[in-house]
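Below is one structure, written out as structure tokens; the observations come after it.
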Amino acid sequence: MATEFEMSFTGSSKEMLEAISLLAEHNVNLETIATAKVDGRWVIKFLTGSEEEVRRSFMKADFQFKDRPVLVVEMKNKPGQWLRVAKALVGAGIEITASYMLSQKDDRQSFVFAVSDHQKAVSVCRVLSECSIA
């Protein structure tokens, strides 16, 4: 299971970079990151393999954050694969709240899915051919 972290705050690009630099100072390697300014607030979302270090660092720095479990699905790199997984999840009554590409290399690609029912989504993805849960 992977964990997606989210921070949201007002400020400049410089302040956004300072928040992210806290992670580098604590040797936290980012697997993926997305930043956007939405309605005057910075939103930062990222995945890392150092979940506990992120929590400790943010709590010590008194940074407000959210986290949630997400599904990382690895699949064959060919047209329609993301759609195939998404349709299987939705067809099983699972709401997809977010999804994005994590990586793509050679004949494999990985996508992140934030879903309404994590355990059910794991079960659905395990039976799909050419897919695996990372």
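Hey, among the residues in the stretch 101-128 that are part of a strand (DSSP E or B) and among the small types (Gly, Ala, Ser), which one's nearest to residue 90 (Cα to Cα)?
In this case the residue turns out to be 114.
Hey, among the residues in the stretch 32-67 that are open to solvent by 70 Å² or more (accessible area, probe 1.4 Å) and part of a strand (DSSP E or B), which one's nearest to residue 22 (Cα to Cα)?
If we take residues in the stretch 32-67 being open to solvent by 70 Å² or more (accessible area, probe 1.4 Å) and part of a strand (DSSP E or B), then 33 is nearest to residue 22 (Cα to Cα).
So which pairs qualify, if the first residue must be in the stretch 65-78 and farther than 17 Å from residue 104 by Cβ, the second must be loosely packed, with under 13 Cβ neighbours inside 10 Å and of a type outside the set (Gly, Ala, Ser), the Cβ gap must be under 6 Å, and the two must be at least 6 apart or on different chains?
So the pair list comes out as 69/1.
Take the residues of the stretch 104-121 that are loosely packed, with under 15 Cβ neighbours inside 10 Å and not charged (D, E, K, R): which is nearest to residue 47 (Cα to Cα)?
Initially, the stretch 104-121 is screened for residues loosely packed, with under 15 Cβ neighbours inside 10 Å, giving 104-108, 116-117, 119-120.
Filter once more, keeping what is not charged (D, E, K, R): 104, 116, 119.
Values: 104: 16, 116: 18, 119: 19 Å.
For the stretch 104-121, the residue satisfying everything is 104.
The values are calculated or read from the model by the stated rules, or taken from the named source; none is laboratory data. All values derive from a computational prediction rather than experimental measurement. Because the Cβ atoms are built from the backbone with ideal geometry, glycine has one as well, and the counts that use them run over all protein chains shown. Surface accessibility is based on the protein's heavy atoms, side chains included, excluding ligands, DNA and RNA. Shrake-Rupley method; radii C 1.70, N 1.55, O 1.52, S 1.80 Å.
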